[in-house]
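Enquirer: Handing you a structure now.
The values are calculated or read from the model by the stated rules, or taken from the named source; none is laboratory data. Note that the structure is a prediction, hence the values are computed from the model and not measured. In this analysis, Cβ positions are derived from the backbone assuming ideal geometry, glycine residues included, and neighbour counts consider all displayed protein chains. With ligands, DNA and RNA removed, areas are computed over all heavy atoms of the protein, side chains included. Shrake-Rupley method; radii C 1.70, N 1.55, O 1.52, S 1.80 Å.
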Number of protein chains: 4
Amino acid sequence: MFYFNCDYTEGAHPHILERMMETNLEQTVGYGEDAYCEQARALIRQECEREDVDVHFLVGGTQANFTVIRSALRPHQGVISAMTGHINAHETGAVEATGHKVLALPCGPEGKLTAAQIEETVKAHWEDETHEHQVQPKMVYISHPTENGALYTLPELESISRACKANGLYLFLDGARLGYALTARGSDVSMSDLARLCDVFYIGGTKCGALFGEAVVIANPELKPDFRYSIKQNGGMLAKGRLLGIQFLTLFEDGLYYDICRAANELAYRIAEACKTAGFRFFAESSTNQQFPIFPNSLLKELGKDFTYSTWAKVDQDHTAIRLCTSWATREEAAKQLIQTIQKLGENNL
Amino acid sequence: MFYFNCDYTEGAHPHILERMMETNLEQTVGYGEDAYCEQARALIRQECEREDVDVHFLVGGTQANFTVIRSALRPHQGVISAMTGHINAHETGAVEATGHKVLALPCGPEGKLTAAQIEETVKAHWEDETHEHQVQPKMVYISHPTENGALYTLPELESISRACKANGLYLFLDGARLGYALTARGSDVSMSDLARLCDVFYIGGTKCGALFGEAVVIANPELKPDFRYSIKQNGGMLAKGRLLGIQFLTLFEDGLYYDICRAANELAYRIAEACKTAGFRFFAESSTNQQFPIFPNSLLKELGKDFTYSTWAKVDQDHTAIRLCTSWATREEAAKQLIQTIQKLGENNL
Amino acid sequence: MFYFNCDYTEGAHPHILERMMETNLEQTVGYGEDAYCEQARALIRQECEREDVDVHFLVGGTQANFTVIRSALRPHQGVISAMTGHINAHETGAVEATGHKVLALPCGPEGKLTAAQIEETVKAHWEDETHEHQVQPKMVYISHPTENGALYTLPELESISRACKANGLYLFLDGARLGYALTARGSDVSMSDLARLCDVFYIGGTKCGALFGEAVVIANPELKPDFRYSIKQNGGMLAKGRLLGIQFLTLFEDGLYYDICRAANELAYRIAEACKTAGFRFFAESSTNQQFPIFPNSLLKELGKDFTYSTWAKVDQDHTAIRLCTSWATREEAAKQLIQTIQKLGENNL
Amino acid sequence: MFYFNCDYTEGAHPHILERMMETNLEQTVGYGEDAYCEQARALIRQECEREDVDVHFLVGGTQANFTVIRSALRPHQGVISAMTGHINAHETGAVEATGHKVLALPCGPEGKLTAAQIEETVKAHWEDETHEHQVQPKMVYISHPTENGALYTLPELESISRACKANGLYLFLDGARLGYALTARGSDVSMSDLARLCDVFYIGGTKCGALFGEAVVIANPELKPDFRYSIKQNGGMLAKGRLLGIQFLTLFEDGLYYDICRAANELAYRIAEACKTAGFRFFAESSTNQQFPIFPNSLLKELGKDFTYSTWAKVDQDHTAIRLCTSWATREEAAKQLIQTIQKLGENNL
């Protein structure tokens, strides 16, 4: 059985485990104040081309999301998100559990927000006579890539960023799969763009080669004070914090992060190409490691014999959108077998 | 200037103030444990035709809503509501501030939910493999009348109640304007129906003749324990609790609650009739004291010279839905003048 | 039976009810934006001798406390209070329910904090290497008078205020019974002192002659933005907000607030004097309308025949501290009878 | 420099890292539903001698504490803890951030609660007429060993458990360092005792040989439903959940957990013995891997030249209690050097 259902079915890139082994018996201080964390921070600041950003390491994505949001907002303020945004759809209401409403806006299958939507939402709030009876929009949450694999272009990000600044909103970018975005074919967005355009964002480790871990980058000075209190209060302060430092250090000291994500993207493109050639449509356009082909239900059983996939959406009575993911760990051999099977299913589908 | 913008522009029905005067110097215990509260509870139990319901008096509607919801739900559970539901749209995120997501469902201009929607939502949750990553639906919130003046029929309420019971959901009915619903022409729903069909509901005082106050009726024994702790914790326990008892006692001892709401409905019908006759369409069908005619923007200034109204929704570039409300305090003379003005505007509108 | 157990056993001072009667049929806008609220705000600003304070009217004390605290603090910050502080002991954890720890400090029977305690607490926090693992003190909550009837002197308040400013803490004064404090014999503190020394405080209405209502005065500009959103979110925004305006207007337009509290204090002093003369000790020194004599348990039954009192604390096996309260509504005749009974009990006690 | 300041200065026991290496490329499902987690659960159930307990793996201790507490309590309920309890003193108010008050009780330097204290607290609550104005005690939190290294005896745990059951309280035991407790000289408590006496407890991994991870064991069926929703909502659901399974599997399949903790205890005893012999007093009696000797401030600088320690408490002007910890990773050679230094310091101290 080959797993294509998600990008966290294996452990970590071997370099990471090796580094953990090598350093295992070294003694360090805890809670992210060790030398490895410091080195990893320095590398990330370099990627950001900004010495003035704060970098904090958290264990997981949901944790990173609600810790950032809770720390930034006052109680009556909410966060704008696409309906399909992870914070709105797949975190068991973690943001609401911190007291904040997710102001969910409609979006297409790509799961993207537009600057125009943000401006309208904010305008509508302030123009309503009863706005004090409504949650005040104060932050915009976007995922890059989105939950459905789509990317924002640099001009899109720039206009969203402008819309946020013009309206006093914080821009928070969820980069759970950021590596795949930055290395996607045709992507015009770099890490330093994010550091310039966002108030805060995070660089995903868990789904990009690490055992676990997300690096929160805070660019806006308003959001910096006391963030370590927030990490601790929200259960994200790892006692052996160096485990996070070592992982991000390994990922960024020689471009490993980009290399493994780029390679995964390439395998995903070959799988997508096979789907297209075989005549399958797509639920959403994705240029990253997650692909969302639509299969007739009748073929899913056959596909499922040798491959795991995620059921994504019911398209109609007879068709289902599924998710196929690659990662640093996907072996070319497995991808080839999947492609062959897709070709065969395509023939059956004629 | 005549106020038709809402139903809380005056104080309280004179009988209520008189009773407060009469009893002002009596000494009672505090926090809702006095004899007046007891009498009011007994009267409400009578209306419910159930001796076994718990009755608690709170000061306001938002407070009643979030106190009930917070008290009933576990942290990972959410409450289903129409998009237009008061808890979703007009309480500054008070429910989210207690940690719970409002699971907002689409609805028509009437603002009603259907049993089918509820069933689908619950089914979709449990069928999703990742339901543990989503907020668990556990309560249904409906308003009767809705925020847009519409009513549920008894069969509709019965099927919603069945859907809730069948799926282990609590049914919570917000009766901020319950008096207008129960006395609307053609209404087939009584207070005892609510006590039979809901797990918990509240009887609105503020908008139905009282200075302030809402009576929460808890029918489901699971929701009864320790509710007074919740009232106190959420800031709703009035020191001079008898003020609430005296008001509900006055409203229910001889049917005053129904009489004043029925009279307000009748005035509203005459205003609605005038709108129809004058050729104005309606934003939503309402058979209660709130009416939502659509006016050309060009006529609103004229209307606004002598009458206040609430702007409800932008219908198109040139038209706006407005709210006109009557209440116990609306004088027939004022309604007549409004009707004449509407007639005049209708002629201008031809 | 005469009630001396608390100061909210009757309705409101007759002037307040009369004014409600007179204005009952006037039409006003809701939610505290009417002319009566404006007038009441102006009067309170005058008392404060500051035109720049914000004044908001809330319904009750617990509500006022947690709304102010939640609005002011970030999630990892806490509020310092005496162990006996109302927020720590008698609000069902309302402050914690908003997510904040009450940092409770030991205190004597008077229930007062000192500037030195505050400074030590803050110093201890910042000197601890692990302070990020602890709640950050950011606000000081004091009651004036305290829950046990004691008063801060002006020099004490000034040094507490200085300690707060020097350490970046907000000073919040709970004035649920403020009228009794300001008019106590020997008091050297005025309302304008509070407006000068506190960041935020509230003027209690419920226990000082109103039906209900507390006026929150915000002096620190940092705490002003969006406070009305907070009121709404926390269930404290009264639809018929003018009811609060009318009450505070009546209390402050000609000094009624001070007159009735001063009179209540005077009756309390006579009762206290009687206790002393009769040989009873006191649980705490109080120069306000609440008095805390210690009675042998054996005499409580006799006392309870004609008078209600609150049980305050078990002093030892055989003695209990009780609370006896006066208010605007205490009739001299009732006080005299109580005094006679105390005298009689004193003789039995010899 | 040798680190004795805490028990999380290294990575993980080598067996754990080896197992991670071996399994790194295996593909498994996520979120703790893989075969390794299942095996680890089975082993823990065996230790508990109960097949019916639920076992969940979380990443850290603070997270485990507030997730358990939030999941178990209703909003108006609180958790009793010793003043020195980790949830009260060192988690940045994480429990309060979930809305619950920690009902902190005084305790001696050992940091233990007694059954009598619990009973008194509960009795005092229910006997107070105003208990609805207070947080309702519903859970007892104890640490074993305590934060100061002390142990409960089996009879003590039994009487606490009885007190909880008799009063309808849940007993929650924080076992962040449980391994050291269970293997301490003279300890009469086993894992199966905990499964019998507690409603819920957790087995600490982070401080007992794992990279990270805590195993929550739920014995009371009332606390089982939907706990996985709670884990996800609170940010504790690790995508690569098998990392937790693999670690606990390694720790429990052949008694490694006990072996490494026992060995660490033995080194700690030798260090404690050296302190005693050298004439140093102790802040608290500890029979586990943390020792709390009191040193004259004048000697700390000398000690700190080669060894790290934690400053624990200021004992008087001239003396400080410090913490010295051993762990699975402490080398005998390092302990010997520390002992020699202590002996030397003791001679200087005469």
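Let's see how each residue does on (1) of a type in the set (Asp, Glu); (2) modelled with pLDDT under 95; (3) crowded, with 19+ Cβ neighbours inside 10 Å:
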| residue | (1), (2), (3) |
| --- | --- |
| B:Ser71 | no, no, yes |
| B:Thr114 | no, no, no |
| B:Glu119 | yes, no, no |
| B:Asp128 | yes, yes, no |
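Enquirer: Only one of these is touching a strand residue (DSSP E or B) at 6+ places or on another chain (Cβ under 7 Å) and either farther than 30 Å from A:Gln117 by Cβ or touching a residue at least 60 places away in the same chain (Cβ under 8 Å) (or both): A:Val59, A:Val79, A:Val29. Name it. Break it down into steps so the answer makes sense when it comes.
Expert: Numbers: A:Val59 fails: touching a strand residue (DSSP E or B) at 6+ places or on another chain (Cβ under 7 Å); A:Val29 fails: touching a strand residue (DSSP E or B) at 6+ places or on another chain (Cβ under 7 Å).
The conditions single out A:Val79.
Enquirer: Residue by residue through segment A:178-235, note down the ones that are free of Cβ contacts under 8 Å to residues at least 24 places away in the same chain and within 16 Å of the chain's Cα centre (by Cα).
Expert: A:Ser190
Enquirer: C:Pro225 fails exactly one of the following numbered conditions: (1) under 28 Å from C:Gly111 (Cβ atoms); (2) surrounded by fewer than 20 Cβ atoms within 10 Å (Cβ to Cβ). What is the number of that condition?
Expert: (1)
Enquirer: For segment D:74-87, name all the residues that are away from chain A (no Cβ under 14 Å) and either touching a helix residue (DSSP H, G or I) at 6+ places or on another chain (Cβ under 9 Å) or open to solvent by less than 10 Å² (accessible area, probe 1.4 Å) (or both). Step through it out loud before you land on a result.
Expert: Looking only at segment D:74-87, we keep the residues that are away from chain A (no Cβ under 14 Å), and these are D:74, D:76-85.
Once the filter is applied, which keeps residues that are away from chain A (no Cβ under 14 Å) and either touching a helix residue (DSSP H, G or I) at 6+ places or on another chain (Cβ under 9 Å) or open to solvent by less than 10 Å² (accessible area, probe 1.4 Å) (or both), segment D:74-87 yields D:Arg74, D:His76, D:Gln77, D:Gly78, D:Val79, D:Ile80, D:Ser81, D:Ala82, D:Met83, D:Gly85.
Enquirer: Only one of these conditions is not met by C:Lys112: (1) more than 22 Å from D:Gly85 (Cβ to Cβ); (2) free of Cβ contacts under 8 Å to residues at least 24 places away in the same chain. Which number is it?
Expert: Of everything listed in (1) more than 22 Å from D:Gly85 (Cβ to Cβ); (2) free of Cβ contacts under 8 Å to residues at least 24 places away in the same chain, C:Lys112 misses just condition (2).
Enquirer: Then there's this: For C:Phe66, are the conditions met, namely being within 11 Å of another protein chain (Cβ to nearest Cβ), in contact (Cβ under 8 Å) with a residue 60 or more places away in the chain and buried (at least 24 other Cβ atoms within 10 Å of the Cβ)?
Expert: For C:Phe66, the condition - within 11 Å of another protein chain (Cβ to nearest Cβ), in contact (Cβ under 8 Å) with a residue 60 or more places away in the chain and buried (at least 24 other Cβ atoms within 10 Å of the Cβ) - is met.
Enquirer: Something else now. Just a yes or no: is a residue in segment D:341-350 crowded, with 19+ Cβ neighbours inside 10 Å and closer than 27 Å to D:Leu17 by Cα? Spell out the reasoning first.
Expert: The initial filter retains those residues of segment D:341-350 that are crowded, with 19+ Cβ neighbours inside 10 Å, namely D:341-342, D:345.
From what's left, closer than 27 Å to D:Leu17 by Cα: none.
Taking every residue of segment D:341-350 in turn, none turns out to be crowded, with 19+ Cβ neighbours inside 10 Å and closer than 27 Å to D:Leu17 by Cα.
Enquirer: If I ask for residues that are in a loop (DSSP other than H, G, I, E, B) and within 12 Å of chain C (Cβ to nearest Cβ), which ones from segment D:130-146 would you list? Write out each step before concluding.
Expert: Residues of segment D:130-146 that are in a loop (DSSP other than H, G, I, E, B), as a first pass: D:130, D:134-135, D:144-146.
Within segment D:130-146, D:Thr130, D:Gln134, D:Val135 qualify.
Enquirer: Taking D:Val95, is it within 11 Å of another protein chain (Cβ to nearest Cβ), over 16 Å from the mean Cα position of the chain (by Cα) and either in a helix (DSSP H, G or I) or closer than 26 Å to A:Asn24 by Cα (or both)? Can you show your working first?
Expert: Working: within 11 Å of another protein chain (Cβ to nearest Cβ): yes; over 16 Å from the mean Cα position of the chain (by Cα): yes; either in a helix (DSSP H, G or I) or closer than 26 Å to A:Asn24 by Cα (or both): yes.
Spelling it out, D:Val95 is indeed within 11 Å of another protein chain (Cβ to nearest Cβ), over 16 Å from the mean Cα position of the chain (by Cα) and either in a helix (DSSP H, G or I) or closer than 26 Å to A:Asn24 by Cα (or both).
Enquirer: Output the number of the condition that B:Ala104 fails; it satisfies all remaining conditions of (1) part of a strand (DSSP E or B); (2) crowded, with 23+ Cβ neighbours inside 10 Å; (3) within 12 Å of another protein chain (Cβ to nearest Cβ).
Expert: (2)
Enquirer: May I ask you to list the residues in segment D:280-308 that are open to solvent by 60 Å² or more (accessible area, probe 1.4 Å), within 21 Å of D:Arg331 (Cβ to Cβ) and not basic (Lys, Arg)?
Expert: Scanning segment D:280-308 gives a single hit, D:Asp306.
Enquirer: Condition test on C:Glu91, is it surrounded by fewer than 24 Cβ atoms within 10 Å (Cβ to Cβ) and farther than 20 Å from C:Gln136 by Cβ? Walk me through how you get there before you give the answer.
Expert: Values: surrounded by fewer than 24 Cβ atoms within 10 Å (Cβ to Cβ): no; farther than 20 Å from C:Gln136 by Cβ: yes.
So C:Glu91 does not fit the description; no.
Enquirer: Would you mention how many residues in segment A:145-200 are open to solvent by 30 Å² or more (accessible area, probe 1.4 Å), more than 23 Å from A:Gly60 (Cα to Cα) and of a type in the set (S, T, N, Q)?
Expert: Residues flagged as open to solvent by 30 Å² or more (accessible area, probe 1.4 Å), more than 23 Å from A:Gly60 (Cα to Cα) and of a type in the set (S, T, N, Q) within segment A:145-200 amount to 4.
Enquirer: Against the condition at pLDDT 95 or above, within 19 Å of the chain's Cα centre (by Cα) and of a type in the set (Gly, Ala, Ser), how does D:Gly304 come out, does it pass?
Expert: Numbers: at pLDDT 95 or above: yes; within 19 Å of the chain's Cα centre (by Cα): no; of a type in the set (Gly, Ala, Ser): yes.
It is false that D:Gly304 is at pLDDT 95 or above, within 19 Å of the chain's Cα centre (by Cα) and of a type in the set (Gly, Ala, Ser).
Enquirer: Away from chain A (no Cβ under 12 Å), surrounded by fewer than 20 Cβ atoms within 10 Å (Cβ to Cβ), at pLDDT 95 or above and under 19 Å from the mean Cα position of the chain (by Cα): is that true of D:Ala263 in this structure?
Expert: Details: away from chain A (no Cβ under 12 Å): yes; surrounded by fewer than 20 Cβ atoms within 10 Å (Cβ to Cβ): yes; at pLDDT 95 or above: yes; under 19 Å from the mean Cα position of the chain (by Cα): yes.
When the stated conditions are applied, D:Ala263 passes them.
Enquirer: Out of segment B:65-92, which residues are within 20 Å of B:Arg177 (Cβ to Cβ) and part of a helix (DSSP H, G or I)?
Expert: B:Asn65, B:Phe66, B:Thr67, B:Val68, B:Ile69, B:His86, B:Ile87, B:Asn88, B:Ala89, listed by residue number.
Enquirer: Look through segment C:278-335, keep the residues that are of a type in the set (Lys, Arg) and in contact with a strand residue (DSSP E or B) (Cβ under 7 Å, 6 or more places away or on another chain), and return whichever of them is farthest from C:Thr183 (Cα to Cα).
Expert: Checked segment C:278-335; the qualifying residue farthest from C:Thr183 (Cα to Cα) is C:Lys314.
Enquirer: Then there is this: So which residues in segment B:211-249 are more than 14 Å from chain C (Cβ to nearest Cβ) and either among the hydrophobic types (A, V, I, L, M, F, W, C) or under 23 Å from C:Ala12 (Cβ atoms) (or both), if there are any at all?
Expert: Start the filter on segment B:211-249 by keeping residues that are more than 14 Å from chain C (Cβ to nearest Cβ), which leaves B:215, B:217-225, B:248-249.
Residues satisfying the conditions are B:Ala215, B:Val217, B:Ile218, B:Ala219, B:Leu223, B:Phe248, B:Leu249.
Enquirer: Please give the number of the condition D:Val135 fails out of (1) in contact with a His (Cβ under 8 Å, 6 or more places away or on another chain); (2) open to solvent by less than 10 Å² (accessible area, probe 1.4 Å).
Expert: Status for D:Val135: all satisfied but (2).
Enquirer: For segment B:47-63, what are the residues that are away from chain C (no Cβ under 14 Å) and open to solvent by less than 10 Å² (accessible area, probe 1.4 Å)?
Expert: B:Cys48, B:Val53, B:Val55, listed by residue number.
Enquirer: Still on this structure, I have one more. Output the residues belonging to segment B:3-46 that are in a loop (DSSP other than H, G, I, E, B), charged (D, E, K, R), open to solvent by 50 Å² or more (accessible area, probe 1.4 Å) and within 9 Å of another protein chain (Cβ to nearest Cβ). Reasoning before the result, please.
Expert: Step one: of segment B:3-46, the residues in a loop (DSSP other than H, G, I, E, B) are B:4-13, B:24-34.
Right, trim to charged (D, E, K, R) and you get B:7, B:10, B:26, B:33-34.
With open to solvent by 50 Å² or more (accessible area, probe 1.4 Å) added as a condition, the list becomes B:26, B:33.
Within segment B:3-46, just B:Glu26 meets the criteria.
Enquirer: Taking the conditions exactly as written (away from chain C (no Cβ under 14 Å) and in a helix (DSSP H, G or I)), does B:Ile118 satisfy them or not?
Expert: Working: away from chain C (no Cβ under 14 Å): yes; in a helix (DSSP H, G or I): yes.
Taking the combined requirement at face value, the residue satisfies it.
Enquirer: Could you grab me the full set of residues in segment B:308-350 that are farther than 16 Å from B:Asn289 by Cα, hydrophobic (A, V, I, L, M, F, W, C) and in contact (Cβ under 8 Å) with a residue 60 or more places away in the chain?
Expert: Passing the criteria: B:Ile342, B:Leu345, B:Leu350.
Enquirer: Hey, any hits in segment A:251-258 for a residue that's surrounded by 24 or more Cβ atoms within 10 Å (Cβ to Cβ), closer than 17 Å to A:Tyr202 by Cα, touching a helix residue (DSSP H, G or I) at 6+ places or on another chain (Cβ under 7 Å) and among the aliphatic types (A, V, I, L, M)?
Expert: In the first step, residues of segment A:251-258 are kept if they are surrounded by 24 or more Cβ atoms within 10 Å (Cβ to Cβ); the result is A:251, A:257.
Filter once more, keeping what is closer than 17 Å to A:Tyr202 by Cα: A:251, A:257.
Applying the additional criterion that residues be touching a helix residue (DSSP H, G or I) at 6+ places or on another chain (Cβ under 7 Å) yields A:251, A:257.
Restricting the remaining residues to those that are among the aliphatic types (A, V, I, L, M) gives A:251.
Checked segment A:251-258: at least one residue is surrounded by 24 or more Cβ atoms within 10 Å (Cβ to Cβ), closer than 17 Å to A:Tyr202 by Cα, touching a helix residue (DSSP H, G or I) at 6+ places or on another chain (Cβ under 7 Å) and among the aliphatic types (A, V, I, L, M).
Enquirer: If you scan segment D:277-294, which residues turn out to be touching a Ser or Thr at 6+ places or on another chain (Cβ under 8 Å) and hydroxyl-bearing (Ser, Thr, Tyr)?
Expert: D:Ser287
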